[in-house]
Amino acid sequence: MAREADLPRPVPRKPRDEARPAGEVERHGNFVMESIAELKKVEWPSQNQVIQGTVVVLIACAIVGVFLYLNDQLWKEVVQRLFLGQ
């Protein structure tokens, strides 16, 4: 049986300034206006950066695709010869 000293202590809660009815959401300004303001702070990539990133992703996909294809062909042969006796 656990001793009282071993039990976790409850975390004291801060009193709320004002109570809200259940389900009511506290509003802090206009969401759309705040979103637009945040999007203006974003450092967007240049067209050249987007093209370079796209090329890197396409090359990586091609390399992984070739690796998986070759791996599949190898294991297909192994399974057919060892397990299926063909």
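Here are some notes:
- Residues satisfying the stated conditions in segment 42-56, i.e. surrounded by fewer than 10 Cβ atoms within 10 Å (Cβ to Cβ) and in a helix (DSSP H, G or I): Gln47, Asn48
- Scanning segment 57-86 for residues that are part of a helix (DSSP H, G or I) and not hydrophobic (A, V, I, L, M, F, W, C) turns up Gly65, Tyr69, Asn71, Asp72, Gln73, Lys76, Glu77, Gln80, Arg81.
Only the coordinates and a few stated rules stand behind these numbers; no lab work does. Source: prediction; values computed, not measured. Because the Cβ atoms are built from the backbone with ideal geometry, glycine has one as well, and the counts that use them run over all protein chains shown.
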